[in-house]
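Here the structure is laid out as structure tokens; the discussion comes afterwards.
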Amino acid sequence: MALKKVLAVVLAGGEGKRLMPLTADRAKPAVPFAGSYRLIDFALSNLVNSGYLQIVVLTQYKSHSLDRHVSETWRMSTQLQQYIASVPAQQRRGKSWFLGSANAIYQSLNLIHDAQPDIVVVIGADHVYRMDFEQMVNAHVESGASVSVAAVRQPMNLVDQFGVIEVDQQDPTRIAAFVEKPKTTPGLPDDPNSFLASMGNYVFTTDALLKALEEDAARLDTKHDMGGDIIPHFVDRKDAAVYDFTTNLIPGSTDRDRQYWRDVGTMDSYYDANMDLISPLPLFNLYNLQWPIYTRQSVSPPAKFVRSATGRSGAAHDSIVSAGVVVSGGTVQGSILATDVFVEENAEVSDSVLMDKVTIGPGAIVRRAIIDKNVKIPAGARIGVDRELDLSRGFAVTESGLTILSKGQIVPPG
């Protein structure tokens, strides 16, 4: 097979309303994850590990921290024509900002014209998974279709949260219908309780993509969305192939984590994806060095667990602890602690996610909570213990009982 020139486009302009308050001050792809990472690191790591080193990241909503992370972390060799470029909305095609994911690419067509690729890979920036896109590109070229859509099996109760793929019964490699977030859909022949969800990852033949984007931009009856408009455009022409994610083989993967893919679109799914990482045999293995997840390296000192002034030991069990963490006479259980977290004497942290520079004061208790950066929990405070108390103090609480504190939020004395 002749080598194809590939340009990757990462759609990173999402507002992430369902992840409020974590997205109150940052774009969704910039939300911290697993102690050391940002969500966008998974998309970029997959592309780089796949050998695709010409990447543009389209941003829009509150993009400062995202732009800074990309520029500080993802430095490529310009001498070898490699780049990861963060590109904001620029009103190149009129006096409007991005009107949808398809319009974001349409307004950035100069990037495609400059790169002159044979293939354009378009992916989202807010999913947790490993994937070799070279395998998908090869399958796309063999299919002869104008677009290929990556598909993953999901339980039927999530059907209204995804773009749903229905395959052609005569040719299961082709897409017969593509519907965004329907209320119902037929189950799979071998599993009526599951359906095929779009992963938001697409491979396009360049000429076909350019033509479709131009046609979409000229229409008034469209939301200018990749999943809602561009993919159905090709499906209606019987020119869309499906790529089965289960066939994607990653070096170093295990039977337990090989098919892992999580959309972290809600607070509960974000929390669950973090918790997937901390078991002895995790559902998603961060320690697969054959397919590493890259991120910005901290200059913080190593983590340590020490006795407090009164001699009480600090300890952490079944947890991820990042650089710079100090547990001084406190106890951490089943939690993820990001850089420079400080847990003081007699404090208890369980089943929680703490982001950079959170301080847990002496005797404080934190249970089943997500605490954003720079929050200081005062001595004796209780977080995640009393739902009504949390609500009265202005904390966000999900229906499942998950308590969320926003960046720098002030916590009243305990």
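The values are calculated or read from the model by the stated rules, or taken from the named source; none is laboratory data. Note that this is a predicted model, so its numbers are computed, not measured. Ideal geometry is used to build each Cβ from the backbone, glycine not excepted, and the neighbour counts take in all protein chains shown. Each accessible area value is taken on the protein alone, full model and side chains, heavy atoms only, with ligands, DNA and RNA left out. Shrake-Rupley method; radii C 1.70, N 1.55, O 1.52, S 1.80 Å.
Write down the accessible area per residue of region 272-333 in Å², having rolled a 1.4 Å probe over the full set of protein chains.
Numbers: 3370 Å² over 62 residues.
Accessible surface, normalised per residue, equals 54 Å².
Quick one: which residues, 5+ away or cross-chain, put their amide H under 5 Å from the amide H of Gln82? H built at 1.01 Å from N.
The list, which skips near neighbours in sequence, is Ser77.
Counting only DSSP beta bridges with both residues in the chain, what percent are antiparallel, rounded to the nearest 5?
Roughly 35 percent of the beta bridges in the chain run antiparallel, per DSSP.
Relative contact order, percent, of the chain when contacts are C-alpha pairs under 8 Å separated by at least 6 residues?
With pairs under 8 Å counted, the relative contact order is 14 percent.
Can you give me the % of accessible surface on the chain that is carbon or sulfur? Probe 1.4 Å, all protein chains present, nothing else counted.
In the chain, the share of accessible area belonging to carbon and sulfur is 50 percent.
How many percent of Cα pairs in region 187-316 exceed 27 Å?
When all Cα pairs of region 187-316 are counted, 49 percent exceed 27 Å.
How far is it, in nm, from the label point at Tyr294 to the one at Arg68 when both lie 7 Å from their Cα along the line to the Cβ?
Placing both labels 7 Å along Cα→Cβ, they lie 2.1 nm apart.
Taking θ = phi - 60°, what integer Hz values does the Karplus form 6.51 cos²θ - 1.76 cosθ + 1.60 yield along region 6-14, in sequence order, with x for Gly and Pro?
Those phi angles translate into 10, 10, 9, 10, 9, 8, 10, x, x Hz.
So how much slack lies between Leu53 and Asp114, counting 0.36 nm per residue of separation and subtracting their Cα-Cα distance, in nm? Display every interim value, and only then the final one.
Numbers: separation 61, 0.36 × 61 = 21.96 nm, distance 1.50 nm.
Computed gain between Leu53 and Asp114 is 20.5 nm.
Please give every one of the lysines within straight-line cross-link reach of Lys181, meaning a C-alpha to C-alpha distance under 16 Å, and leave out same-chain neighbours fewer than 8 residues apart.
Partners found: Lys223.
Roughly how far apart, in whole Å, are the Cα centres of region 167-182 and region 33-87?
About 32 Å separates the Cα centre of region 167-182 from the one of region 33-87.
Counting only heavy atoms of protein chains, what accessible area per residue, in Å², does region 60-151 have with a probe of 1.4 Å?
For region 60-151, the per-residue accessible area is 45 Å².
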